[in-house]
Each structure stands twice: as structure tokens, then as C-alpha cells.
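Data first, discussion second: the structure below is written as C-alpha cells.
Bear in mind these aren't lab numbers, they're just calculated from the coordinates by the rules spelled out. Since this is a predicted model, take the numbers as computed values, not measurements. Cβ atoms come from the backbone with ideal geometry, glycine included; neighbour counts cover every protein chain shown.
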Amino acid sequence: MQDPLQYEGTHAVVTGCASGMGAATAAILTELGATVTGLDVQDHADGVDRFVQVDLKDKASIDAAVGSIEGPVDSVFSVAGLPGPPFSDLDTVMVNFVGPRHLIESLVPQMPPGAAAVCVASNAGLGWQQDLDWLLPVVSEGGFDEGRAWCEANAERIATGYVPSKKLLNAWVAWRAVTLLDAGIRLNCQNPGPTETAMMPAFEALAGKEMIDAFVGPSKRRSTAEEQAWPLVFLNSRRSSYIAGEALHTDAGFLGAATTGQIQSAL
Ligand SMILES: NC(=O)c1ccc[n+]([C@@H]2O[C@H](COP(=O)([O-])OP(=O)(O)OC[C@H]3O[C@@H](n4cnc5c(N)ncnc54)[C@H](O)[C@@H]3O)[C@@H](O)[C@H]2O)c1
């Protein structure tokens with residue numbers, strides 16, 4: 001079978017293209033014949049057809065980036081993120097949720113029917129379904145400015161930054177995927193387990209190596225960036241045309257083991 005994932009001749013936008021999962025995703029897409037526009041706050045033009053610098057916590061920067069991207073955009077990979085400390089809670093939620101939401105919403109007019117977007121959340125956001133009472137009002141109303149104002153007014157809700165940001169992202173994807181389907185656009189979420197990237201030292205410094213290793217579950221190892229990139233590519237492929245509003249857990253069995261009581265977890 002030729003071109004099984006059908007990226008040949010398509011245009012993909014990848015955030016976080018300078019490192020880790022984003023860089024791995026851009027490399028795979030290039031190999032599959034897509035034209036890749038890479039976005040990152042770090043100046044890094046390697047491995048993409050066109051690089052656009054963007055700061056996802058800055059609305060004007062996102063608007064300028066979107067304005068410079070020529071459509072159509074067939075797939076969006078929202079991969080960039082911050083780990084929490086040493087970054088502030090506010091910056092973490094802005095970069096992990098408020099900015100990506102604004103970016104994707106701003107690209108929607110350039111996305112034809114059949115296009116798709118995927119957001120990288122995290123296993124750290126597990127249990128978001130139990131928090132819908134406070135998550136839903138935030139994700140279903142307003143845009144960038146309202147999102148920032150809510151964060152500033154709700155310091156306790158966004159405490160630690162990373163966990164609430166990934167819960168917000170999961171909830172927004174589940175909510176927004178429904179109406180995007182009217183335009184023929186699919187939106188999904190991926191929740192990776194611990195992965196060896198440049199972000200890992202920050203997680204280890206914050207939570208300790210033992211806690212990180214407790215999240216690797218039955219696979220007993222961390223994933224590579226490529227092992228996270230391939231499912232992202234799969235989710236945005238036209239071959240996944242019946243997958244929308246999904247929260248895919250790329251954690252090598254952690255969620256199943258925790259849900260069925262085969263490993264200890266805080267779930
Ligand atoms: N590494 C893990 O264990 C792990 C586990 C679960 C989820 N994740 C998530 O995976 C995604 C990719 O992270 P990674 O592990 O590849 O880490 P990484 O640090 O290698 O890559 C993150 C990228 O985001 C970019 N970025 C940071 N701030 C930005 C900003 N303000 N604007 C634009 N770009 C910005 C960085 O420059 C970097 O290139 C993140 O959303 C992260 O939260 C990581």
C-alpha cells in the first residue's frame with residue numbers, strides 16, 4: 001500500500017518543533033511527504049520547511065504567527081508545553097492551555113473539511129472527568145483574554161500549573177470536538193506517560209525520580225519522543241477519520257493497571 005497515512009502533499013503545523021515530541025513529529029511528517037510549518041519559542045529552523053517563532057503565552061505573538069501561515073492547514077500538532085516549576089503557574093497554564101486553544105481556534109478558518117488537530121496533554125491530567133464542574137465553564141466560554149483573566153483570578157485552581165493545565169486541555173478537547181465536527185474537522189488529545197525529553201529533568205526536580213517512575217506503570221520504562229510522535233501522526237491522519245474527541249492514553253498500560261488496581265496510584 002502506497003502512502004498509508006496519507007500525509008503526502010499536505011500541510012502540517014507543529015508547535016514545539018525545536019525539541020522532544022514536537023521535533024520527532026516534524027521529522028516523521030517530513031518523511032511522510034508533508035510540508036511542515038514549525039512553531040516554537042526557541043529559534044530552531046532545523047527539520048521543518050518553514051519556521052515561525054511564537055510565544056504561546058503572548059496573544060499578539062500567536063496572532064502574528066497565524067497571520068503568516070498560508071493555508072490550507074490540513075493538520076495541527078499542538079505539542080509545545082511547559083513542565084510547571086521553575087515556570088510560574090500562570091505561564092504554565094497560558095502555554096499549555098490558553099495559548100494552544102487560541103492558536104487552534106485561529107487556524108480553524110484555514111482548515112478544510114477532513115483536517116484534524118491534536119493536543120498533547122499528559123497522564124498528569126488523569127481524573128479530569130471528575131472536575132468538570134469547574135473545568136467546563138472555563139473551557140466553554142471566552143478566548144485568550146478571558147482565559148488569562150480567569151487564571152489571574154483563580155490562583156488556587158491553577159496551583160502547581162501543570163496538572164490543572166492538562167486537565168483544562170483534556171476538557172476543552174472533549175467539549176470543542178463536538179462542534180468542530182460540523183466543519184468536518186477532528187480534534188483529539190493525547191496523554192503521554194513519562195518520556196525522555198528535555199522536559200524530564202524539570203519533572204524529576206519537582207516530583208522526584210521515584211514519583212516519575214511510579215507513573216511508568218507495567219511497561220517499566222519511559223517512552224521515547226518517537227513513541228509519542230507516531231500516535232500523534234496516527235490521530236491526525238485521514239485514516240483516523242472516525243476518531244474525534246478522544247483522549248488517547250499513550251502510557252504503555254499505566255491507566256489500565258491503575259484502574260483495575262494492579263498498581264498503586266492516586267487515581
Ligand atoms: N516529557 C514527558 O515526560 C511528558 C509527559 C507527558 C506530557 N508531556 C507533554 O509533551 C509535550 C512536549 O514536551 P516534551 O516532553 O517534548 O518537552 P520539550 O521540552 O522537549 O519540548 C517542549 C517544547 O515546547 C517549547 N515551548 C516552551 N514554551 C513555549 C512557548 N511559550 N511558546 C512556544 N513554544 C514553547 C519549547 O521550546 C520546546 O521546544 C508538552 O506539552 C509536555 O507537557 C511531556
- All lysines inside 25 Å of K209 as judged from Cα atoms, apart from same-chain residues fewer than 8 positions distant: K166, K167, K220
- Can you give me the span-like helices of the chain, meaning DSSP H runs with 15 Å or more of Cα extent along the axis and Kyte-Doolittle mean at or above 0.5? 20-31
- For a paramagnetic label modelled at 7 Å from the Cα of R239 toward its Cβ, which residues of segment 3-33 fall within the zone defined by backbone nitrogen distances under 11 Å? 3-7
- Item | Part-to-part distance (alpha-carbon centres) for segment 161-188 and segment 190-239, which is given in Å | 20
- Message: Taking the number of other C-beta atoms within 10 Å as the exposure measure, put E31, E204 in order starting with the fewest.
- Response: E31, E204
- Summing Lys, Arg as +1 and Asp, Glu as -1, what charge do residues with Cβ under 9 Å from the Cβ of C151 carry, C151 excluded? 0
- Query: What is the gain in length, in nm to one decimal, between A198 and D63 on full extension, counting 0.36 nm per residue of separation less the C-alpha to C-alpha distance?
  - Reply: 45.9 nm
- When C189, C17 are ordered from fewest to most other Cβ atoms inside 10 Å of their Cβ, what list results? C189, C17
- Assuming 1.567 mPa s and 4 °C, estimate D for segment 11-259 with Stokes-Einstein, Rh taken as the Kirkwood radius over Cα pairs, in µm²/s. 73
- Note on the structure: With +1 at each Lys and Arg Cβ and -1 at each Asp and Glu Cβ, the charge dipole magnitude of segment 205-267 around its Cα centre, to the nearest 20 debye, comes out at 120
- Query: Where does each of F144, F234 land when they are ranked from fewest to most other beta-carbon atoms within 10 angstrom?
  - Reply: F234, F144
- Two-site FRET efficiency, E152 against S219, from Cβ-Cβ distance with R₀ of 41 Å, rounded to 0.05: 0.55
